[in-house]
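Participant: One structure, pasted below without further comment.
The values are calculated or read from the model by the stated rules, or taken from the named source; none is laboratory data. Everything numeric here is computed off the predicted structure, so don't read it as measured data. With ideal geometry, Cβ positions are generated from the backbone for all residues, glycine too; neighbour counts draw on all protein chains shown. To get the accessible areas, we keep the full protein, side chains included, count just its heavy atoms, and leave off ligands, DNA and RNA. Shrake-Rupley method; radii C 1.70, N 1.55, O 1.52, S 1.80 Å.
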Amino acid sequence: MFSNFTIASLFSPSEWLGLPENNSAHGDQVGHMMDVITWFMLALFIGWTIFFFICLFKFTKKKNPKAEYHGVKNHVSTHLEIGVIIIEAVLLLGFALPLWAERTDTFDRVLEENPVRVRAIGYQFGWKFHYAGNDGKFGYIDRDLVNTPGDACIYPDDPNGFDDFVASTLKLPVGRPAIVNVTSTDVIHNFSIIPMRIQQDAIPGKDVPMWFTPLNELETSVVCGQLCGEGHADMIGTLVVESEKSFTDWASKLSSEAYEANKAAYEKRQAAAQ
Ligand SMILES: [Cu+2]
């Protein structure tokens with residue numbers, strides 16, 4: 001926790017509260033936002049605690065044997081509350097909304113930066129990862145085809161899906177944007193990668209994209225951030241960020257194998273149908 005202590009980290013609650021190190025391109029902005037909010041909450045906490053103790057001592061029965069029916073006569077509390085509203089508005093309008101707008105605005109740019117496309121499929125209780133394969137295109141997703149938990153539901157007759165493959169580990173290349181479409185085959189989960197400062201609800205019937213750029217090679221955990229049943233705590237997957245070359249070698253091999261197998265199966269079905 002204090003391993004890489006600097007003066008700057010003294011002012012960063014997200015660091016001394018034990019948040020894992022950031023490894024994504026946008027993550028420092030999220031960390032900054034958390035720091036600002038934590039300082040504000042700390043100030044509120046100290047303020048209200050002081051107020052609480054002032055009340056305890058000032059309004060004892062001994063000092064106030066008779067009830068006061070007029071209440072507060074000055075405007076201090078009104079001014080304080082207006083102050084809190086102003087700070088909250090600054091947090092929302094000055095920090096949170098611009099950060100959110102910037103995140104959503106980058107999507108079009110990310111699309112042009114040769115992103116890795118992958119679907120993260122949550123199920124009770126685990127994750128599966130559906131890669132778009134060498135052609136970069138997902139096969140048609142037919143959710144009616146679901147027959148196992150975490151099924152990718154790739155429509156078998158769509159040529160775009162022949163080279164798609166499903167993996168149990170999320171592998172990504174370092175320094176290249178990843179667009180992860182998050183979905184679920186049963187209940188609502190939440191796909192959460194804390195070291196990348198990103199998470200997204202996994203909603204059955206929907207593919208919702210989230211995107212980030214890993215900055216370092218590492219192996220870390222992906223977890224479920226939404227209480228989803230008795231096995232919720234076991235929904236731990238693995239994210240491996242590796243060099244562009246080892247990622248491409250791994251992905252293109254699995255994709256080519258899938259392509260051969262799926263194409264052969266398709267042709268067999270076609271021949272049988274005639
Ligand atoms: Cu879950």
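Participant: Considering M33, M41, which residue is in contact (Cβ under 8 Å) with a residue 12 or more places away in the chain and either among the charged types (D, E, K, R) or part of a helix (DSSP H, G or I) (or both)?
Facilitator: M33
Participant: Please work out which residue is modelled with the highest pLDDT, limiting yourself to the stretch 44-83 and to residues that are open to solvent by less than 70 Å² (accessible area, probe 1.4 Å) and assigned to a loop (DSSP other than H, G, I, E, B).
Facilitator: My answer is T60.
Participant: Looking at the stretch 195-207, is at least one residue in a strand (DSSP E or B), of a type in the set (A, V, I, L, M, F, W, C) and within 16 Å of the ligand (Cβ to nearest atom)?
Facilitator: Yes, the stretch 195-207 contains a residue that is in a strand (DSSP E or B), of a type in the set (A, V, I, L, M, F, W, C) and within 16 Å of the ligand (Cβ to nearest atom).
Participant: Now for a different question. Given the criteria open to solvent by 60 Å² or more (accessible area, probe 1.4 Å) and in contact (Cβ under 8 Å) with a residue 60 or more places away in the chain, does E113 qualify?
Facilitator: yes
Participant: In the stretch 217-268, which residues are away from the ligand (no atom under 11 Å from the Cβ) and assigned to a loop (DSSP other than H, G, I, E, B)?
Facilitator: Residues satisfying the conditions are E217, S243.
Participant: For the subset of the stretch 20-63 comprising residues that are among the aromatic types (F, W, Y) and within 31 Å of the chain's Cα centre (by Cα), which member is farthest from S221 (Cα to Cα)?
Facilitator: Among those that are among the aromatic types (F, W, Y) and within 31 Å of the chain's Cα centre (by Cα), it is F45.
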